[in-house]
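> Would you mind keeping the following structure in view while I ask a few things?
The values are calculated or read from the model by the stated rules, or taken from the named source; none is laboratory data. Quick caveat, the model's predicted, so the values are computed rather than measured. Here Cβ is always computed from backbone atoms with ideal geometry, including for glycine, and neighbour counts include all displayed protein chains.
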Amino acid sequence: MAIIKAEDFIDSVTSALQYISHYHPPDFIRAMAAAWERERSPAARDAMAQILINSRMCAEGLRPVCQDTGIVVAFVRVGMQVQWRSEHTLQELVDAGVRRAWRDADNPLRPSIVADPAGARRNTDDNTPAVVHVEMVPGATVQVALSAKGGGSEAKCRFAMLNPADDVAAWVLAQVPEMGAGWCPPGILGIGIGGTAEKAMLMAKAAATETIDIQALQARGAQTTAEHLRLDLYRRVNELGIGAQGLGGLTTVLDVKIQEAPCHAANKPVAIVPNCAATRHASFTLDGSGPATFAPPNPDLWPAITRSAAGARRVDINELGKADLAEFALGERLLLSGTLLTGRDAAHKRIRDLLAAGQPLPDGVDFNGRFIYYVGPVQAVRDEAVGPAGPTTATRMDGFTDLMLGEAGVIGMIGKAERGEAARAAIARHGGVYFVAVGGAAYLVSQAIRRARVVAFADLGMEAIHEFEIVDMPVTVAVDARGQSVHRIGPARWRDKLAASSAHVE
């Protein structure tokens, strides 16, 4: 009979979460590198290069691959012969490990969990509680699969209760374009088929963390219905032309993983859970002999990639006026320098409420003629101006866009993913612009931030308004002053190219 000590379990959870914060899984690095090698879209290839460079930098600097360090999900399989040496519940043990990992002095992680979700939404400050799923299994070990799931990819989960005769592939192919770029492709689609509504979602979430092996399956050939569906969806999703970061290209998914379970004769539950370019997951087994250990990946795993400023225009945003914005070309690569303000959902809501009440904005918050960056950075350590500070999904700020470009005086925005129709219309109406930085390249982006300070709403933590001084921050023009969107035009072009190429081959 194995005796599992509480401290061994907590230490293992902490070590695993710290490990996955700065190390990508080896299978992901290999798959992303292979996708980068074969990519023909310059914009998508550059985005993947940034993701891979960021991955290597994080492995060397032991800092988070993404500013959104995620919500912890733990799948715990407890052997029936295990005995616990603990006075705490399993939930409490997992939470203790999460708390230690997030408060690590050398690599603090960003607390993103808010309590009272339908009300005050106050940050819990230590990223607890985790989401824990427990299964009792035969044996004398405890098997733990941990993931830290980012909010951008979690927001793009999908579920449907299909009719028995409905086509699963058709439903998935209808959902993926609607998911947009907020889940930071290329990544993995986890799909759950069968069971009940909650079972399908759990299977999809577990599937999204499985090892990438689609090329091995292609070489071997499908032997089951699920394997045939995996191959079919892998090909057809990539033929959509969405590409890295939604900019248009050859690779939207690195793999499609499927788990299935028997279901009621009247139902066909289907769920999609995407795993983003900052995929974070690890597993360990405890047998009573001590805590789990994790070996760093081989440094040779990462491809030798360097980025050049050639082809990118340097822009001083402090010198820009509205009249200058019309000259930015859709899809153009820029290196931004100057000062900007940050703001996310909670800050935008406060700004809206203040302006609606006729009250002034806080001292130091003047958006007139300035850019706003949608970001919630990680806490800085040592000599950093700021911790990893990649963009958050701009679509969530669409409802504030007209206000910010109009009454608040903003002239440009920086984030990730596409903008909706209303936001694009507001950008065109006010003659503003929207740039994208690469989601999943947070540590790389943070190197462009030379100074940072909180200027308002400090009580919001990572959602406070900061002022950043930036030098050569890499971005791409995603919506121009006429309201044209690279996220609409880019994928459409690549979809047509791929369709023409397929027709030519046939």
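> Being surrounded by fewer than 23 Cβ atoms within 10 Å (Cβ to Cβ), in contact (Cβ under 8 Å) with a residue 12 or more places away in the chain, of a type in the set (Lys, Arg) and within 30 Å of residue 474 (Cβ to Cβ) narrows it down to one of 45, 100, so name that one.
Among 45, 100, only 45 is surrounded by fewer than 23 Cβ atoms within 10 Å (Cβ to Cβ), in contact (Cβ under 8 Å) with a residue 12 or more places away in the chain, of a type in the set (Lys, Arg) and within 30 Å of residue 474 (Cβ to Cβ).
> Can you pull out the residues in region 351-362 that are touching a residue at least 40 places away in the same chain (Cβ under 8 Å) and either within 19 Å of residue 436 (Cα to Cα) or surrounded by fewer than 19 Cβ atoms within 10 Å (Cβ to Cβ) (or both)? Break it down stepwise before answering.
In the first step, residues of region 351-362 are kept if they are touching a residue at least 40 places away in the same chain (Cβ under 8 Å); the result is 351-352, 355, 361-362.
The answer is 352, 355, 361, 362.
> Quick test for you: out of 109, 146, 93, pick the one residue that is in a helix (DSSP H, G or I) and buried (at least 16 other Cβ atoms within 10 Å of the Cβ).
The match here is 93.
> Here is a further query. Hey, among the residues in region 436-451 that are touching a helix residue (DSSP H, G or I) at 6+ places or on another chain (Cβ under 9 Å) and among the hydrophobic types (A, V, I, L, M, F, W, C), which one's surrounded by the fewest Cβ atoms within 10 Å (Cβ to Cβ)?
Of everything passing the filter in region 436-451, 444 is surrounded by the fewest Cβ atoms within 10 Å (Cβ to Cβ).
> Say whether the condition of being assigned to a loop (DSSP other than H, G, I, E, B), more than 21 Å from the chain's Cα centre (by Cα), on the phi < 0 side of the Ramachandran plot and free of Cβ contacts under 8 Å to residues at least 40 places away in the same chain is met by at least one residue in region 159-169.
yes
> Identify, from the list 135, 178, the residue that is surrounded by fewer than 17 Cβ atoms within 10 Å (Cβ to Cβ), touching a residue at least 40 places away in the same chain (Cβ under 8 Å), not aliphatic (A, V, I, L, M) and not in a loop (DSSP other than H, G, I, E, B).
Of the residues listed, the single one that is surrounded by fewer than 17 Cβ atoms within 10 Å (Cβ to Cβ), touching a residue at least 40 places away in the same chain (Cβ under 8 Å), not aliphatic (A, V, I, L, M) and not in a loop (DSSP other than H, G, I, E, B) is 135.
> Cβ-Cβ distance below 6 Å, separation of 6 or more or different chains: which pairs start in region 219-238 with a residue that is in the same structural domain as residue 208 (by TED's automatic domain parsing) and over 21 Å from residue 498 (Cα atoms) and end on one that is assigned to a loop (DSSP other than H, G, I, E, B) and at pLDDT 95 or above?
So the pair list comes out as 228/222.
> Would you be able to say whether some residue in region 253-275 is part of a loop (DSSP other than H, G, I, E, B), buried (at least 20 other Cβ atoms within 10 Å of the Cβ) and either in the same structural domain as residue 231 (by TED's automatic domain parsing) or at pLDDT 95 or above (or both)? Full working, then the answer.
Filtering region 253-275 for residues part of a loop (DSSP other than H, G, I, E, B) gives 262-267.
Now drop any that are not buried (at least 20 other Cβ atoms within 10 Å of the Cβ), which leaves none.
Taking every residue of region 253-275 in turn, none turns out to be part of a loop (DSSP other than H, G, I, E, B), buried (at least 20 other Cβ atoms within 10 Å of the Cβ) and either in the same structural domain as residue 231 (by TED's automatic domain parsing) or at pLDDT 95 or above (or both).
> Restricting to region 291-329, what's the tally of residues that are part of a loop (DSSP other than H, G, I, E, B), surrounded by fewer than 16 Cβ atoms within 10 Å (Cβ to Cβ) and in contact with a Ser or Thr (Cβ under 8 Å, 6 or more places away or on another chain)?
Count: 2.
> How many residues, within region 7-52, are under 19 Å from residue 440 (Cβ atoms), assigned to a helix (DSSP H, G or I) and among the aromatic types (Phe, Trp, Tyr)?
Final tally of qualifying residues: 3.
> I've got another one for you. Taking residue 74 and the conditions (1) outside any loop (DSSP other than H, G, I, E, B); (2) under 22 Å from residue 445 (Cβ atoms), which numbered condition does it fall short on, given that it satisfies the others?
Condition not satisfied by residue 74: (2).
> Next question, about the same structure. Could you figure out which of (1) in contact with a helix residue (DSSP H, G or I) (Cβ under 7 Å, 6 or more places away or on another chain); (2) buried (at least 22 other Cβ atoms within 10 Å of the Cβ); (3) at pLDDT 95 or above; (4) more than 19 Å from residue 326 (Cα to Cα) isn't true of residue 410?
Unmet condition: (4).
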